[in-house]
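Asks: What follows is a structure written as structure tokens; I'll ask about it next.
Derivation of every value follows stated rules applied to the coordinates shown; laboratory data play no part. A quick note: this is a predicted structure, and the numbers were derived from the prediction, not measured. Cβ atoms come from the backbone with ideal geometry, glycine included; neighbour counts cover every protein chain shown.
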Amino acid sequence: MAALLEAEGLTAGYGQTAVLHGLDFAVEERGVTALLGANGAGKTTTLRAVCGMIRTGGAVRLAGERIDGRATEEIARRGVAHVPDGRGTFMELTVEENMRLGAYTRPNRAEVDADFERVFGYFPRLRQRFRQQAGTLSGGEQQMLAISRALLLRPRLLLLDEPSFGLAPLVVQEIFAIMRRIREEQGVGILLVEQNASLALDFADQAYLLETGRIVVSGPAADIRRDESVRRSYLGY
Amino acid sequence: MSATEEVPAVPVLVQAPPRSAMATWQRGALVLLGLAAALAPIFVLESFQLFQLTMAVIMALAVLGLNIVTGYNGQISLGHGAFYAVGAYATAILMSHGDWSFWATLPVSAAVCAGLGYAVGFPALRLGGLYLALTTFSLAVAVPQILKHRAIEDWTGGVQGLFLVKPDPPSWLPLDADQWMYLVALGVSAVLFLLSWNLIRSRVGRALMAIRDNPTAAEAMGMDTATLKTRAFAVSAMVTGIAGSLGAVVIEFVAPDSFGFGVSISLFVGMVVGGVASIAGSIFGGLFVLFVPNIAEEISKAAPGVIYGAILILFLFLLPDGFAGLLRRLAARWRDRAAR
Amino acid sequence: MDGLAHQFIAGIATGGIYASVALALVMIYQATHHVNFAQGEMATFSTFIALTLIQAGLPYWVAFVLTVVVSFALGVAIERVLMRPVQHAPVLTHVGVFIGLLLIVGNLTGWVFGYTTKVFPSPFESEGLLFGGLVSGHELGSTVVTLAVLLLVYLFFRHTTLGLAMRAAAYNPASSRLVGIRVGWMLALGWGLAAAVGAVAGMMVAPVVFLDPTMMLGILLYAFAGALLGGIDNPMGAVVGGFAVGVLENLAGAYVVGTELKLTVALAIIIGVLVVRPSGLFGRVVLSRV
Ligand SMILES: Nc1ncnc2c1ncn2[C@@H]1O[C@H](COP(=O)(O)OP(=O)(O)OP(=O)(O)O)[C@@H](O)[C@H]1O
Ligand SMILES: [Mg+2]
């Protein structure tokens, strides 16, 4: 059986500057793959490349089907939800409207309403803020909103760009706990970019270590977590 | 045109004559050739054709004015016809009410238009590109109405407009009035083109372009962007206004309805087609504005405007740097080939 | 006193027209951050289509609906063909394309339909004036139609998924793509809607000012003024601004400057708003925490 997501020789960049120099990685069905690396290594760029936000080379397959070269909106419609760097909140719109937009591609109103309830189960705070302008949410609340928006797409693959960024440690714990639930309950595959390596390695099955646009270490997350030398030289804990 | 020395892409094997001497020689010949080409129409063309060419020169000057503020400084004006109209009326009023000589009206017209441009430049400072375009567009539309207004009718002649008479050529020149007007328009324009060229190549010119390309950086580098922008507007309005003065005296008539927003649109089209931010482009723009509507009329009597608009859009799609840009690229390719 | 009241009500009627065109401008502005200088010419063209259909024998309201549909399609087509290729070009290019469009559509109108001034029928003919001479049947009817259109547009943007997606695409194209919104089509849709609203405005104003190819030029200026007064990024503001400008114009025309300076009044309002309060009366300041 093919993996949920497969990248082969993935290259990408901005204008003339190449940032990714041929990455090979995979996310299994229902699996969690972590992408680690220092600032500027190209993690965000990798997620952007997967969902077609920038021009890419190489091949990207979603459940065996080529998706590279397609428009972002078409990739989203195939079930790839992206919680982007900076959270991508629609600041001018309300929380409700943000969530409705997450479910934009789904025709069945009843299912969507059920998913609203499910999301409120994960993030009860969003129910309280339902009619509030999203720009006035706190950073953590915006992160919850961003994850909710992504979930409401009913994705097969979830791309998460630093979900812990700027959040208090307690909130980070909360969000990771919820993501575990999401993974079990919804059966999505997750490609996770995270600065907090120990947290990410605890959560993931597979991990890749990125350095200036190249994969330098890869393997099962548990092995990497145990590997003293990798931890020292790349992950710094 | 290009005064920059281009470095040959491959080493020159054959011993060439000293480069600077060659350039001087070439430049001298070019100037002579240009002068001959500019003066020849006086003796070659029929009087109507000469009149048209005179108007083309004047339009080129008006486009140059627009290019200074919009092309080089990035402040989009769709209302330069207003300055053209004010220049025309300044000259017409002084000549028909005050019996001034044409030459005496020029400095007044220049000063009035510069002042007006300066005044428009201030609110323009607060308006981003689009808002300025919108405001100047409204100005262009409102001009005829303002010119017709009762309160200034005694001066402007209201709807009827004003008649004036071309200056006579000096008696020692064997020219008629049309030929003389061509020379006058050519001379005045040549002076203003030279001055503008110098302005653009100076520090001020570079500052204007820096403000256009990156206002934040320009400000950070300590440029007084507000002063520069308002002054650019003043200079630009002055140049276009002088073109208006020339136009009034060549046509010998001014009336509100000849200064509708069509004039502003023509100048804008002329600038885009000739080449945005190009001095030479302004010349092409002037020729285009004057002759293409006539040619378009040949193709389709009914709607030269449609063709005019289509040409504008085609240029924006295919040749965004205008005719001047096209020539520049052709010349570069030709030089490449010559160098090989 | 009656005179004043009538001027006021007539102002509301013309204000409704300005409000529609202002709304059309704001819709395009919201979708693309551009102001369409050719909006007036497009509306005039649509009105001529309506006249042709009516003269061909169609009942008024059938012609009305057909015109709105055709205008919508034309608006979409214009965005696809003319705006799409230059979407990343500098502002100057966009302004140039708008001007080109204005020249093409404006002159095409005269070419196809002729330059003579034509009478355009009103579906609201009434004997004399209503309500003790305060308002004509057409003034009342056109105001109602205008308000109905504005209400429809409001409901569309507030309460439909597509309307929400259009707003989202305007505010945040990148995030919109991530949730699967086809942003390019949202822009085209915005153009189509604006053209349709403009067509209604044209059909409502034509019985009053008579139909000729330059009919909308002055109206466009007032619509600009109204849109700016209300805040160019605020549809409701544009509507209020349009009505306010209509009343202002009528009162100024009747009591202050006379009718010869109508365009200049629009210009003065535009400059006044931009200099004194560039965001307009209701221009939205987005609340955001970073
Ligand atoms: N929009 C952009 N334009 C040009 N260069 C960019 C852009 N975004 C990122 N880069 C460059 O690409 C490289 C990789 O950036 P990227 O954002 O992918 O890093 P990252 O691994 O996500 O880092 P961080 O941990 O800081 O988020 C960097 O050198 C960055 O400067
Ligand atoms: Mg990043």
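Asks: With angles folded into 0 to 90 degrees, how steeply does helix C:161-171 sit against the dominant principal axis of chain C? Use alpha carbons for both and round to 10.
Replies: Helix C:161-171 sits at roughly 70 degrees to that axis.
Asks: Right, here's the next one. Using the C-alpha atoms of the range A:157-223, what convex hull volume per residue, in cubic angstrom, is computed?
Replies: Cα convex hull per residue, to the nearest whole number: 91 Å³.
Asks: Right, another one. Efficiency by 1/(1 + (r/R0)^6): what FRET value for C:Tyr171 and B:Asp99, r their Cβ-Cβ distance, R0 = 60 Å, to the nearest 0.05?
Replies: It comes out at approximately 0.45.
Asks: Just counting partner chain Cβ atoms within 10 Å, what average do the residues of peptide A:129-137 show around their Cβ?
Replies: That average works out to 2.
Asks: In what order do C:His138, C:His94, A:His82 fall by count of nearby beta-carbon atoms within 10 Å, going from fewest to most?
Replies: C:His138, C:His94, A:His82
Asks: Longest span of chain B, sites excluded, free of GluC sites (Glu not before Pro) in DSSP loop with at most 12 other C-beta atoms within 10 Å?
Replies: Answer - B:47-340.
Asks: Let me ask something additional. What do you get for the angle between helix C:262-276 and the principal long axis of chain C? Use alpha-carbon atoms, 0 to 90 degrees, nearest ten.
Replies: Helix C:262-276 sits at roughly 40 degrees to that axis.
Asks: Can you sort C:Arg177, A:Arg183 by how many other beta carbons sit within 10 Å, fewest first?
Replies: In increasing order of surrounding Cβ atoms, one gets A:Arg183, C:Arg177.
Asks: For the range A:74-211, just list the percent of Cα-Cα distances falling in each 10 Å bin from zero outward, please.
Replies: The distribution over the range A:74-211 is 12, 46, 35, 8, 0, given as percents.
Asks: Ok, one more. Taking the Cα centre as origin and putting +1 on Lys and Arg beta-carbons and -1 on Asp and Glu beta-carbons, what dipole magnitude results for chain C, to the nearest 20 debye?
Replies: 1140 debye
Asks: Right, something else. Could you tell me the center-to-center distance, by alpha carbons, between the range B:281-332 and the range B:174-188 in angstrom?
Replies: The distance from the Cα centre of the range B:281-332 to that of the range B:174-188 comes to 27 Å.
Asks: Follow-up question, since we're still on this one. Considering only C:Asn234, C:Ala38, C:Val183, whose Cα is most displaced toward the positive end of the charge dipole of chain C, charges sitting on Cβ of Lys, Arg (+1) and Asp, Glu (-1)?
Replies: Positive-most Cα among the choices belongs to C:Val183.
Asks: Convex hull over the alpha-carbon atoms of the range C:53-153: what's its volume per residue in Å³?
Replies: Spelled out: Cα convex hull of the range C:53-153, divided by residues, is 168 Å³.
Asks: Could you tell me the relative contact order of the range B:272-340? Use alpha-carbon pairs under 8 Å, at least six residues apart, and round to a whole percent.
Replies: 40 percent
Asks: Taking the Cβ-Cβ separation of A:Gln132 and A:Asn108 as r and a Förster radius of 25 Å, what is the calculated FRET efficiency to the nearest 0.05?
Replies: 0.40
Asks: I'd like the projected area of the range C:2-276, averaged over all directions, using the convex hull of its alpha carbons. Report it in nm² with one decimal.
Replies: For the range C:2-276, the mean projected area of the Cα convex hull comes to 15.1 nm².
Asks: Which residues among the range C:96-117 fall inside the zone where the amide N is under 18 Å from a point 7 Å beyond the Cα of C:Leu66, along Cα→Cβ?
Replies: It comes to C:113, nothing else.
Asks: Using a simple spin-label model with points 7 Å from Cα along the Cα→Cβ vector, what separation in nm is obtained for B:Leu318 and C:His88?
Replies: 2.3 nm
Asks: Give me the base-10 log of I(q)/I(0) for the range B:46-260 at each q in 0.10, 0.11 Å⁻¹, Debye formula, one uniform scatterer per Cα, rounded to two decimals.
Replies: -0.45, -0.54
Asks: Could you list which residues have their amide H under 5 Å from that of A:Val217, counting only those 5 or more apart in sequence or on another chain, with H placed in the peptide plane?
Replies: Sorted by chain and number, the residues that satisfy this are A:Leu209.
Asks: Another question about this same structure. What is the dipole size for the range B:199-340, taken about its Cα centre, with +1 at each Lys and Arg Cβ and -1 at each Asp and Glu Cβ, in debye to the nearest 20?
Replies: 800 debye
Asks: Related question: Based on the Kirkwood radius over alpha-carbon pairs, what value in µm²/s does the Stokes-Einstein equation return for the translational diffusion coefficient of the protein assembly as shown at 25 °C and 0.890 mPa s?
Replies: Value of D from the Cα-based Kirkwood radius: 80 µm²/s.
Asks: Can you tell me the orientation of helix B:304-318 relative to chain B, as the angle in degrees between its alpha-carbon axis and the longest Cα principal axis, to the nearest 10?
Replies: 30 degrees
Asks: Shifting gears a bit: Roughly what would the spin-label model give for C:Val209 and B:Phe51, points 7 Å off Cα along C-beta, in nm?
Replies: Each label point lies 7 Å from its Cα, and together they span 3.5 nm.
Asks: Between the range B:35-64 and the range A:121-165, what is the C-alpha centre distance in whole Å?
Replies: 69 Å
Asks: Which whole-number percent is the relative contact order of the range A:5-235 (Cα, under 8 Å, 6+ apart)?
Replies: 28 percent
Asks: Could you estimate the translational diffusion coefficient of the range B:35-160 from the Stokes-Einstein equation, with Rh from the Kirkwood formula over C-alpha pairs, at 10 °C and 1.306 mPa s, in whole µm²/s?
Replies: Stokes-Einstein gives a translational diffusion coefficient of 96 µm²/s.
Asks: How large is the Kirkwood hydrodynamic radius of the range A:59-132, counting all unique pairs of alpha carbons, in Å?
Replies: 14.2 Å
Asks: Another question, then. Have a look at A:Gly79, A:Gly52, A:Gly40 and tell me which one the Gaussian network model of chain A (Cα, springs below 10 Å) gives the largest fluctuation.
Replies: A:Gly40
Asks: Now, a different point. If you filter the range A:120-175 for trypsin sites (Lys or Arg not before Pro), then keep DSSP loop positions with at most 16 other Cβ within 10 Å, what is left?
Replies: Filter output for the range A:120-175: A:Arg131.
Asks: Take the Cα of A:Glu185, step 7 Å along the line toward its Cβ, and report every residue of the range A:107-126 whose backbone nitrogen sits under 16 Å from that point.
Replies: A:111-126
Asks: Test of the criteria: in the range C:83-184, which GluC sites (Glu not before Pro) are in a DSSP loop and have at most 12 other Cβ atoms within 10 angstrom of their Cβ?
Replies: C:Glu125, C:Glu127
Asks: Here is a follow-up. With springs only between Cα atoms under 10 Å apart, run a GNM on chain B and tell me which of B:Gly81, B:Gly305, B:Gly222 wobbles the most.
Replies: B:Gly222
Asks: Within 10 Å of each candidate Cβ there may be at most 14 other Cβ atoms; applying that plus a DSSP loop requirement, which trypsin sites (Lys or Arg not before Pro) in the range B:248-331 survive?
Replies: Filter output for the range B:248-331: B:Lys301.
Asks: Next question, about the same structure. Let's test the formula: R0 of 41 Å, r as the Cβ-Cβ distance of A:Ser198 and C:Met236. What FRET efficiency results, to the nearest 0.05?
Replies: According to the calculation, E is roughly 0.20.
Asks: Still on this structure, please answer the following. Taking Cα pairs under 8 Å and at least six residues apart, what relative contact order does chain C come out at, in percent?
Replies: Relative contact order here is 37 percent.
Asks: A follow-up question, please. Top mean-square fluctuation among B:Leu78, B:Leu94, B:Leu35, Gaussian network model of chain B, C-alpha springs under 10 Å?
Replies: Fluctuation is largest for B:Leu35.
Asks: Could you list C:Phe224, C:Phe113 so that the one with the fewest beta carbons within 10 Å of its beta carbon is first and the one with the most is last?
Replies: Starting with the residue having the fewest Cβ neighbours, the order is C:Phe113, C:Phe224.
Asks: Which listed residue (B:Gly74, B:Thr230, B:Gly115) has the Cα farthest towards the positive end of the charge dipole for chain B, taking +1 on Lys and Arg C-beta and -1 on Asp and Glu C-beta about the Cα centre?
Replies: Looking along the dipole axis, the top candidate is B:Gly74.
Asks: With point charges of +1 on the Cβ of Lys and Arg and -1 on the Cβ of Asp and Glu, referenced to the Cα centre of the range A:5-235, which listed residue (A:Asn108, A:Ala71, A:Gly139) lies farthest in the positive direction of the dipole?
Replies: Looking along the dipole axis, the top candidate is A:Asn108.
Asks: So what is the 222 nm mean residue ellipticity for the protein assembly as shown from helices alone, if each DSSP H run of at least 4 adds -39500 (n - 2.57) and you divide by all residues, rounding to the nearest 500 deg cm²/dmol?
Replies: For the protein assembly as shown, the value works out to -20500 deg cm²/dmol.
Asks: Working from the pairwise distances between different alpha carbons, so that the mean of 1/r is found and then inverted, what is the range C:36-90's Kirkwood radius in Å?
Replies: Taking every pair of different Cα atoms in the range C:36-90, averaging 1/r and inverting gives 12.3 Å.
Asks: Treating the beta-carbon of each Lys and Arg as +1 and of each Asp and Glu as -1, no other charges, what is the dipole magnitude of the protein assembly as shown about its Cα centre, to the nearest 20 debye?
Replies: 1760 debye
Asks: So how many Å³ per residue does the convex hull of the Cα atoms of the range B:186-323 work out to?
Replies: Residue-normalised Cα hull volume stands at 131 Å³.
Asks: Please report Rg (one decimal) and Dmax (integer) in Å for the Cα set of the range A:5-235.
Replies: 17.1, 52
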